[in-house]
Every structure is written in C-alpha cells, then in structure tokens.
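Below: the structure, in structure tokens.
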Amino acid sequence: MTAPDGEAQKDPASDQVLDVVVVGGSQAGLAMAWHLQRQGLRFVVLEAGPELGHVWRSRWDSLKLFTPAQYDALPGMAFPAPADTYPTKDPVADYLQAYATAFDLPVQLHARVTQLSKTDEGFEVHTADQTYRARQVVAATGPFQVPFVPPQARGLDPSVTQLHSADYRNPQALPDGPVLVVGGGNSGFQIAEELAATRTVDLSIATRYPMLPQRRAGRDLFWWLTRLGLLRVTVTSRLGQRMSRRDFVIGTNRRRLERAGVRFRPRLVDAEGRTVRFADHRLLEDVGVVVWATGYRPDYGWIHIPGVVREGQVIHRRGVTQVPGLYLLGLSWQHTRGSALLGFVHEDAAFLADRIQAHHRAAASASVPATQEPSS
C-alpha cells in the first residue's frame, strides 16, 4: 500500500467506513491483523515508520532477544531460526515484513496517527494527510513510545556527549574515553557490558532488579517460565501484582559485569558541568559520555477522547477501555508477563479479537430494522 519509491500513496481504505483501524504495525499490530483477517473484517494497519520493523532496526547493533526463537512466533507463522538460538534485531524486523507479506495484511506505511476522535458512527483516525473512519480502533503502539531522559541531564555541560539507549548503536559511534551508563534494566546491563570491552564504564542503578540466568539445568529460562505457568500469571492475581511491580534482568549479572571492569554506582541524583553526584554522595568527575538507559514513557496525546487518558495512562481492563470499540494491545503487563513480548502478544490479540467480533455483530444486529407486523 505504498508507492515503489517509498512515498505514501492514496489509501483506498480511507474512503470507506472500516470495521477496525489498528494503530501500530509492530508485533502487536500484526498479531491483531492476523485475527481480524481470519474474522473477515475490513481493516487497515497504520504504521508510522517507513517500513515494518523500523523500530527494531533502529536499536543498537548487538541487541539480541532474550526469548529463544521457538518462543518468538506470531500466530500462524514460526520464527525462521533454530530452537534455542537468540535472534538479533534485523532478523526480527525481517520476520515482521515477511509475516505481513505472507498473509497479505493491509498495512499503510508513513501513517503516523496525529489524532483519534469519537464520532456518531465510531471513530475518526487522522494522519498527516488522510482521515480514516472506523467503527472500532485498536491502539497497538506498545510500551516503548517516547525515550525518557531524567531532568539531571540538563545540568551537564554541552561538551558532554549524551544519548538515550534508543539512539545508541555501537561503541565505535561514541567518542573515545570512559562512559557513564545510567539505568539498571536489561538495556543498561547489555550496553554497559558491550562498552566495557574497550573502555572504562560506570553503571548507575537506581533500582536493583532480580537477575535471572538465561539457562538453568540445560534449559532456557523461558522453558522454565512456561512450564511453571509464570508467563500466564495475570496482573490481577496476588502473585501477578507482586511480579508486575519489578522487572528482572536476564542473561547477565553484576558479578560478570564487575569481572569485565564495570564499576557499579548507586542512583544518580545530580549533575553539574562534567561532574555527577550519586546517592552515596560520591562524585564522578570529568564525565565525557553518558548513555541514558532510562526507559520510555507512553504518549497518548493523539487520543482526543475525554475520559480515556488519565495522568498519561489509558484506563483499561485487559486492553478494553471504557469507550465501546476502543482497545489497547501490546502493553507491559496488559494481562500477563508475556503481554508485550513478541511470541506471547497473540494471546491478548485473540482475546481482543473476540471482543471486536462481538461488538461488530451487536452493531450489525442493531442496524437491521425490525420486521413490521402486517396491519389487520
């Protein structure tokens, strides 16, 4: 649905009232599209990027999934890699493109949604140059929307190179010299370990997460998690509530990074010029490069429907909002630990597909006029 030269062309779907518009063309949006196609609904997937998998390709070069290939499939199509191997970012992007092609999914590229509004017949979804009308909408934009950099960054001197992990590519792209990595999640640990091979690295951690080995007793971590049912623990359960409050780091640990030369620091509390101060009151001076592995924040500013967004978050229950016909998909802990993962998002997609089909049938029944009784 794009022109050969990559320029977006007129989308015929924008001239009709669709059953569903899916906002976002990564794994969540494509899993949703697979279900909608099987239901025979008229829909389009709107992807902001120039190609499917664009966000995956833009991550750092050495990024690997911590889920092995046998757990990375979307519905209907296995991930093309041997079991117990860990795909890198480009094969994941290739898979998303191949998936959309294999099932001939209606994807519109270069279609960043700028506004979603409510109408009498359903919704209007606006992009820069087109408006789509639909009876239902799925926001499948995922949890990684706006890179977050803490306010302390503003205190650093302009001579300090600063970048978010979303913009980090490889050690060669950074200036020579020591690096301060801020953030103790999977991204912070992976980037710090890679950088430590060629330079001095300090890793500042605000919150300590549990660390889990990639493999135990000859089995991958996700083999154990699935066998023990931990990936299907719901966020509303007592165990799920405890688990959802803390993430965990997979495949590495503090001792391994210390052996690699990484110096661990507590939370960064202040920065001025080329000096930063940590929670233990110690200073790190002559800082030249900072990588902020400090996560992302949601961005729902494009949803112009009263009552849907509260304090920056969409109010929902298992992806179903208070507005009939509006859904979310692909969020962390939307329903279970696997809700935002490539190979597990299909379970939430199937749940929402059933809700969408029920809403569609109810609307179709309501639009059929009752048979008039003959007059006597």
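Going residue by residue through the range 278-289, is there one that turns out to be outside any strand (DSSP E or B) and among the aromatic types (Phe, Trp, Tyr)? No, the range 278-289 has no match at all.
Rundown of residues vs (1) within 22 Å of LYS64 (Cα to Cα); (2) among the charged types (D, E, K, R); (3) not assigned by TED's automatic domain parsing to the domain that holds ALA197, yes/no style:
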{"position": "GLY218", "(1), (2), (3)": "yes, no, yes"}
{"position": "TRP223", "(1), (2), (3)": "yes, no, yes"}
{"position": "LEU231", "(1), (2), (3)": "yes, no, yes"}
{"position": "ASN253", "(1), (2), (3)": "yes, no, no"}
{"position": "ALA260", "(1), (2), (3)": "yes, no, no"}
{"position": "ARG263", "(1), (2), (3)": "no, yes, no"}
{"position": "PRO266", "(1), (2), (3)": "no, no, no"}
{"position": "ASP270", "(1), (2), (3)": "no, yes, no"}
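Beta carbons closer than 9 Å, at least 6 apart along the sequence or on distinct chains, pair a first residue in the range 155-179 that is part of a helix (DSSP H, G or I) with a second that is β-branched (Val, Ile, Thr) and loosely packed, with under 15 Cβ neighbours inside 10 Å for PRO171/THR198; GLN172/THR198. Among the residues of the range 180-206, those that are of a type outside the set (Asp, Glu) and either part of a strand (DSSP E or B) or outside the structural domain of ALA271 (by TED's automatic domain parsing) (or both) comprise LEU180, VAL181, VAL182, VAL201, LEU203, SER204.
Scan the range 207-235 for residues that are among the hydrophobic types (A, V, I, L, M, F, W, C), surrounded by 15 or more Cβ atoms within 10 Å (Cβ to Cβ) and either out of contact with any strand residue (DSSP E or B) (no Cβ under 8 Å at 6 or more places or on another chain) or not in a helix (DSSP H, G or I) (or both) and jot them down. Residues satisfying the conditions are MET211, LEU212, PHE222, TRP223, LEU225, LEU230, VAL233, VAL235. Would you say THR67 is buried (at least 21 other Cβ atoms within 10 Å of the Cβ), polar (S, T, N, Q) and under 30 Å from ALA192 (Cα atoms)? Answer is yes for this residue. Going residue by residue through the range 94-103, is there one that turns out to be more than 16 Å from the chain's Cα centre (by Cα) and acidic (Asp, Glu)? There is at least one residue in the range 94-103 that is more than 16 Å from the chain's Cα centre (by Cα) and acidic (Asp, Glu). If you go through the range 109-144 and keep only what is touching a Ser or Thr at 6+ places or on another chain (Cβ under 8 Å), at negative phi and not in a strand (DSSP E or B), you end up with LEU109, ALA111, ARG112, VAL113, THR114, THR127, ALA128, GLN130, ALA140, PRO143. Against the test of being under 30 Å from ARG219 (Cβ atoms) and either surrounded by fewer than 16 Cβ atoms within 10 Å (Cβ to Cβ) or not acidic (Asp, Glu) (or both), the options ALA73, ALA100 yield a single qualifying residue, ALA73. So GLN334 passes all but one of these: (1) within 19 Å of the chain's Cα centre (by Cα); (2) outside any loop (DSSP other than H, G, I, E, B). Which condition number does it fail? Condition not satisfied by GLN334: (2).
The values are calculated or read from the model by the stated rules, or taken from the named source; none is laboratory data. All values reported here derive from a predicted model rather than from experimental measurement. A quick note on method: Cβ atoms are made from the backbone with ideal geometry, for glycine too, and the neighbour counts reach across all protein chains shown.
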